[in-house]
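Remarks on the structure that follows.
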Amino acid sequence: MTGTPMTSRELKPIPQLDLKAQFAAIEAEVRAALEEVLASQQFILGPQGAALEQEIARLCGARFGVGVASGTDALLLSLRACGVGPGNEVIAPAFTFIATIGAATALGARPAFVDIDPATYNLDPRQLRTKITAKTKAILVVHLYGLPADMDAILEIARGKNVRVIEDSAQAIGAKYKGRTAGSMGDLGCVSFYPTKNLGAYGDGGMIVTNSEELAARLRLQRHHGQTGGYVSTEQGWNSRLDEIQAAVLRVKLRYLEEWQEARQRHAAEYSRLLGAIPGVVIPTAPAGLTHVYHQYTIRVPRRDHVQKFLATRKIGSTVYYPVPLHLQPVYASLGYNRGDFPAAERAAEEVLSLPMYAELRTDQIERVAGAITEALGH
Ligand SMILES: *Cc1c(COP(=O)(O)O)cnc(C)c1O
């Protein structure tokens, strides 16, 4: 790197995510949308949520959208609608956010983990077939960091077996897989509107998308106490709705999503151009026909913890998603998994580092991050 390095006191922080920059750009529109909801005094199951359901379904290339209280609830209600409960097994990748499988274990199902493909960080279909047993009710497929998993191979293995495929699309809204869209390929797709996601609310929120009219109808009942109307419940339900305030915010943001996704992709290309030249650094790639929406731009790097600490001294934010694979999580100790069971997941947990990524990120900031990584590795 050329020039005189600034002392860390003069450096402006580069956070891993900068939501304030996004808010500054859309504040007037968001406030107007919120005013509308406040004036209506309608907060649950109103016109904003209904409109958003249609908009998100269209975005995902699915027929129906069902708004719920969070991405975790989207997963839990989806699994429940597929009949998952005690005595069942649910397959999931060993390397993902805990919520993916937590939704299944909260219903009393037993997790069956599968290792990941180290090139994509997604469930490795080559290891899937032997995991399906007579007890398997569902496969949870995660599109980690914003890259779709190998759905053709997964759906092929699931075909003809009595197993549902549920996509955890929390990180991959709008990502494409060979002309189809994440969330619309399995039986059900689960979206999260957690504030830090690519389409984030100002609180919790989620949605299930599906092409099945029957599943959509069940989910609408289940998120609303199983009520068919007039305070009559025909089945066991729950309270899990996306509220009007969140829906209104999301509808404003949705107008910008494509622009933001393209900006993320440009930033990723710039990162990869700079980081791909550094020995030892492994940059993310997308297989042919797939588009990555870069919820995270995640590299593998030698001496990861050292690099992360070094970045912090340069006021650069970074995060390890995720430091502990699911089979080694203390909460699942009783399942009897051991270190060494899923080597690709374990290795990823030791090597990955997610760098600053958001639409408003600037090229000079990306250059500073790449320069700091070069310096940290002593090149
Ligand atoms: C965020 C996330 C969830 C959970 O979504 P919430 O809206 O926070 O409940 C589930 N799975 C993955 C992969 C996620 O990233």
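The values are calculated or read from the model by the stated rules, or taken from the named source; none is laboratory data. Predicted model, so just to flag it, every value in this text is computed and none were measured. Glycine also receives a Cβ, built like all others from the backbone with ideal geometry; neighbour counts cover every protein chain displayed. To get the accessible areas, we keep the full protein, side chains included, count just its heavy atoms, and leave off ligands, DNA and RNA. Shrake-Rupley method; radii C 1.70, N 1.55, O 1.52, S 1.80 Å.
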Whose amide H sits under 5 Å from the amide H of Met185, counting only residues 5 or more places off or on another chain, with H placed in the peptide plane?
none
What percentages, rounded to whole numbers, describe P(r) for segment 257-376 computed over all alpha carbon pairs with 10 Å bin width beginning at zero?
13, 40, 30, 15, 2
If you restrict to DSSP beta bridges whose two residues both lie in the chain, what percentage is antiparallel, to the nearest 5?
60
Determine Rg/Rh for segment 36-76; Rg is computed over alpha-carbon atoms and Rh is the Kirkwood hydrodynamic estimate from the same atoms.
1.04
Compute the FRET efficiency between Glu213 and Gln54 as 1/(1 + (r/R0)^6), taking r as their Cβ-Cβ distance and R0 = 22 Å, and round to the nearest 0.05.
0.95
Counting other C-beta atoms within 10 Å, and keeping those with at most 15, which DSSP coil chymotrypsin sites (Phe, Trp or Tyr not before Pro) do you find in segment 184-285?
Tyr231
Part-to-part distance (alpha-carbon centres) for segment 218-247 and segment 134-206, which is given in Å
23
Based on DSSP H assignment, which helices of the chain show an axial Cα extent of at least 18 Å together with a mean Kyte-Doolittle hydropathy greater than or equal to -0.5?
19-40, 47-60, 363-376
Rolling a 1.4 angstrom probe over the protein heavy atoms, how many square angstrom per residue are accessible across the chain?
44
Inverse of mean 1/r across different Cα pairs in segment 23-254, Kirkwood, Å:
17.8
Compute the signed sum of charges (Lys and Arg +1, Asp and Glu -1) over the other residues within less than 13 Å, Cβ to Cβ, of Gly49.
0
Check: C-alpha center segment 31-49 vs C-alpha center segment 275-300, spacing in Å is 40
Lysines within cross-link reach of Lys253: Cα-Cα under 17 Å, excluding same-chain residues under 8 positions apart?
Lys20, Lys197
Please name whichever of Thr133, Gln16, Leu52 sits farthest to the positive end of the charge dipole of the chain, dipole taken about the Cα centre and charges placed at Cβ: Lys and Arg +1, Asp and Glu -1.
Thr133
Per residue of segment 125-132, what does 6.51 cos²θ - 1.76 cosθ + 1.60 with θ = phi - 60° give for ³J(HN,Hα)? Whole Hz please, x for Gly and Pro, Karplus curve as stated.
x, 5, 9, 7, 3, 6, 8, 7
Roughly how many nanometres apart are two label points built 7 Å out from the Cα toward the Cβ at Glu235 and Gln41?
3.6
Eligible aspartates and glutamates near Lys135 by straight Cα distance, threshold 12 Å, same-chain separation 8 or greater:
Glu89
Using alpha carbon coordinates only, what is the Rg to Rh ratio of segment 95-212, with Rh defined as the Kirkwood radius?
0.94
Average Cα contact separation per residue, the chain, under 8 Å, 6 or more apart, as relative contact order %:
22
Taking only the alpha-carbon positions of segment 1-152 and ignoring solvent, what does the Debye formula give for the base-10 log of I(q)/I(0) at q = 0.12, 0.17, 0.18 Å⁻¹?
-0.77, -1.09, -1.14
For the chain, what is the mean residue ellipticity at 222 nm derived from helices alone (per DSSP H run of n ≥ 4: -39500 (n - 2.57); sum divided by total residues; nearest 500 deg cm²/dmol)?
-11500 deg cm²/dmol
Could you please report the charge total around Arg126, scoring K, R as +1 and D, E as -1 over all other residues with beta-carbon less than 14 angstrom from its beta-carbon?
-4
With +1 on each Lys and Arg Cβ and -1 on each Asp and Glu Cβ, and nothing else charged, work out how big the dipole of segment 23-254 is about its Cα centre, in Debye to the nearest 20.
640
Please report, as a whole percent, how much of the solvent-accessible surface of segment 257-376 comes from carbon and sulfur atoms (probe radius 1.4 Å).
53
How about segment 296-379: which trypsin sites (Lys or Arg not before Pro) there lie in a loop by DSSP and see at most 14 other Cβ atoms within 10 Å?
Arg303, Arg339, Arg362
Non-local residues with an amide H under 5 Å from the amide H of Tyr297, with H modelled 1.01 Å from N and Pro and chain starts lacking one, are Leu355
Between Arg266 and Glu156, what is the label-point separation in nm under the 7 Å Cα-to-beta-carbon projection?
3.8
Grab every C-alpha pair in segment 127-270, bin the distances at 10 angstrom width from 0 up to the longest one, and report whole percents.
11, 33, 34, 19, 4, 0
